[in-house]
């Protein structure tokens, strides 16, 4: 399946931030579609300069927990490495078992 983030941004926004916004994209796509996909191709527009880990967590958190780190990383294909660190942070956060207060 392909997710083109260009379809989910408003007013040519160059930032994707917040768990709620990521969850909104997830809802638009559908939980089952994401969780059952054998491959997820994530297309990030070239002019986007920030995506935070919270957005990735809202979008992929449930899928990461379902598949685990290695399988999820094999399923997800991203058109750029520019956002590898926030994605790795989201994977780590999704798999943490302790809740910090």
Of the residues in segment 75-98 that are surrounded by fewer than 12 Cβ atoms within 10 Å (Cβ to Cβ) and within 22 Å of residue 31 (Cβ to Cβ), the one that is modelled with the highest pLDDT is 96
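Can you find even one residue in segment 52-60 that is modelled with pLDDT of 95 or more, in a loop (DSSP other than H, G, I, E, B) and touching a strand residue (DSSP E or B) at 6+ places or on another chain (Cβ under 8 Å)?
Within segment 52-60, the subset modelled with pLDDT of 95 or more is 52-60.
Pick out the ones that are also in a loop (DSSP other than H, G, I, E, B) and you get 52.
With touching a strand residue (DSSP E or B) at 6+ places or on another chain (Cβ under 8 Å) added as a condition, the list becomes 52.
Yes, segment 52-60 has at least one match.
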Report the residue count in segment 1-20 for those that are part of a helix (DSSP H, G or I), out of contact with any helix residue (DSSP H, G or I) (no Cβ under 6 Å at 6 or more places or on another chain) and touching a residue at least 12 places away in the same chain (Cβ under 8 Å). 3
For segment 8-31, which residues satisfy the criterion of being modelled with pLDDT under 95 and farther than 15 Å from residue 50 by Cα? 11, 31
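Under the condition of being assigned to a helix (DSSP H, G or I) and in contact with a helix residue (DSSP H, G or I) (Cβ under 8 Å, 6 or more places away or on another chain), which residue from segment 27-44 is farthest from residue 75 (Cα to Cα)? Walk me through how you get there before you give the answer.
Residues of segment 27-44 that are assigned to a helix (DSSP H, G or I), as a first pass: 27-29, 31-36.
Still in the list and also in contact with a helix residue (DSSP H, G or I) (Cβ under 8 Å, 6 or more places away or on another chain): 28, 31, 34-35.
Numbers: 28: 20, 31: 15, 34: 10, 35: 10 Å.
In this case the residue turns out to be 28.
The values are calculated or read from the model by the stated rules, or taken from the named source; none is laboratory data. What you see is a predicted model; the values in this text were computed from it and never measured. Because the Cβ atoms are built from the backbone with ideal geometry, glycine has one as well, and the counts that use them run over all protein chains shown.
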